[in-house]
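Note sheet for the following structure.
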Amino acid sequence: MRYNTYLGILVMSALAAFWLTPVAGWLAFKVGAVDLPNERKVHSHAMPRLGGVAVYLGFLLSLAAVPLLQNSIADEFRNVANLFIPLLLGSLAMLALGVYDDMKGADASKKFLAQVAIATGLWFGGFRIDAIMNPFGEPIGLDLLSLPFTVLWIVGVTNAVNLLDGIDGLVAGVTACMALSLAVINILSHNVIVSLLNLALAGACLGFLPHNHAPARIFLGDSGSLTIGMLLSCIAIISLFNDRSQGVQGASSLLTVPLLLFALPLFDTTRVMYHRWRRNVSIFQADKNHVHHRLLAMGLSHRQAAWTLYAVAIVTGLLSITLSLMDKGGQLFLSALFAALAVGFTVMWRVRLRHFFIASEERITAVAAKKAAGDSVPTVPIVSSVTKGGGGAA
């Protein structure tokens, strides 16, 4: 019965998002939430941006059906109803911020402050990281650092997902992989409510993906990427951190699990912010330095780049599941191994791959200069690393 409910929530949210996406596209044209083509973008006609509204409604409608069931899951769901009030209010606020940005455009710094305010409200609503599990002993209490640590996590993950939204279908697919991984971790830990949240989010993203996969007919928009990022960060708090305030026991006992699960968006954001800081430019200034831009520069198509990053998300998800099932000793060993691999990959990226990317960018710049001068340009086996404007990529 329990697994039938899990499957039902996943399918219901997917179908709801799939059917609501054309409605969201129609609404986007009505209210002017469209992305117009320009020299930086790959689409040649106006594209609707409010795909995130369909994803959010798919997520919400599937969860709204749970209390109508006549089983033990519905009973558990009703018993923790206080968990959903701050999540509902916070997600609605983030959705409103994203819709406004899709329609009117929002200043990056003001948008950041609004995200901090929403994250602070969520902390007061009970979504708190009060302690970090210690593999060598008792959990490390954060005490006064709980608020800034929680806000940093929520805002960081929210923006990491937002910044990843640079090519068709990327955020919806990667989010589905991460949410399904979180669902498996919590199902194995008998964490019913958190499992439902993850399955509802994963299903909504999967239902939206056919409309958004390259070539996209609608963009996720900031209404989607910001809201999805916020939901993921909050679900991770009650899933992977030890949150006793809501009566939900975290499924993980080590910080490595959430860091590994969210490795792709966090790595991309950290890397981009670091390079902007090194160049003495604003961290909010858009550029073409994201991981998906690098894959496009290597010659991959949008679909190939998206599927490559799906594979990365699947691998990190499987590793997170494996790590969450191990005892503390095994978790510590694998954490040290993953850290060593991460350092090795970073060194390889800096020493070897960056030379390829620099050469690629130089060839792209040369081609663009010749086109601007009206000269004939030979075919170059490199895809221009441009960003579509449908998401929040910056």
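The values are calculated or read from the model by the stated rules, or taken from the named source; none is laboratory data. On a predicted model such as this, the values are computed, not experimentally measured, just so you know. When we count neighbours, we look across all protein chains shown, and the Cβ atoms used for this are built from the backbone with ideal geometry, even at glycine.
Under 9 Å by Cβ, and 6 or more places apart or on different chains, what pairs join a residue from the stretch 113-128 that is over 13 Å from residue 149 (Cα atoms) and touching a residue at least 60 places away in the same chain (Cβ under 8 Å) with one that is of a type outside the set (Phe, Trp, Tyr) and outside any helix (DSSP H, G or I)?
What qualifies is 126/243; 126/245; 126/246.
Out of the residues in the stretch 127-171 that are aromatic (Phe, Trp, Tyr) and at pLDDT 85 or above, which is surrounded by the most Cβ atoms within 10 Å (Cβ to Cβ)?
Checking each candidate, the answer is 127.
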